[in-house]
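I have placed the structure first, in the form of structure tokens, so that the comments after it can refer back to it.
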Amino acid sequence: MIRIKEVRVIDDEGQQLGVMLTADAFALAQEKGLDLVEVAPTAVPPVCKILDYGQYKYEIQKRERETKKKQKSQTFKEIRFRVKIDTHDLATKTRRASEFLDDGDRVKVAVQFRGREINHPQLGRALLDRAAEMIGDHGVIERAPLMEGRSLFIVMAPPVKAAGREGEADEAETIGDVMAAQGQLTDIPATDEPPAPPA
């Protein structure tokens, strides 16, 4: 129920009818067999539109569903490793990452460094390369290894999603893209040197 005395009215064809008494606006809507719906309650005076309320509600719900679908497509799952991870644990975690990719999610695969391990990023890179190889049948690397605080990570995406994103390289949609744009990440160059043991 609209309790304001005057409202700005837009008719069912999108034409502005100007400010009028709320009672007159209701009468006009009833003549057309439609409803008077407040679409901008904070405006002065409030803006009302003459429309079919059922159809209006359906359109709003449809837009909300589409927005939720888009948000779901941007979700990330995360798998974390330690530099000295056991072979069995690595297999278990990469299997879980493969399941996430099969479900259509992107996966952030991170290696966390403790203490002086941070001085040997090549160990983390070698572990990420091994994990990516194990997950390779289920996804592709979407973001090359990047440092974030005391962890090194890659982002993997299902093959279909990655292929669909080839023309979208300019958009900052992944975690890595956003962080790189904010200057929070440092690229780790590839090295051919054998991994050095932690000091």
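Bear in mind these aren't lab numbers, they're just calculated from the coordinates by the rules spelled out. All values derive from a computational prediction rather than experimental measurement.
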- Query: Mean separation of Cα pairs under 8 Å and 6+ residues apart, divided by the residue count of the range 83-167: what relative contact order is that in percent?
  - Reply: 35 percent
- Query: Which of Lys5/Lys32; Lys68/Lys108; Lys62/Lys108; Lys5/Lys68; Lys62/Lys93; Lys32/Lys62 have a Cα-Cα distance over 27 Å?
  - Reply: Lys62/Lys108; Lys5/Lys68; Lys62/Lys93
- Message: Using a Debye calculation, one point per C-alpha and no hydration shell, please list log10 I(q)/I(0) for the range 3-114 at q = 0.10, 0.22 Å⁻¹ in order.
- Response: -0.54, -1.10
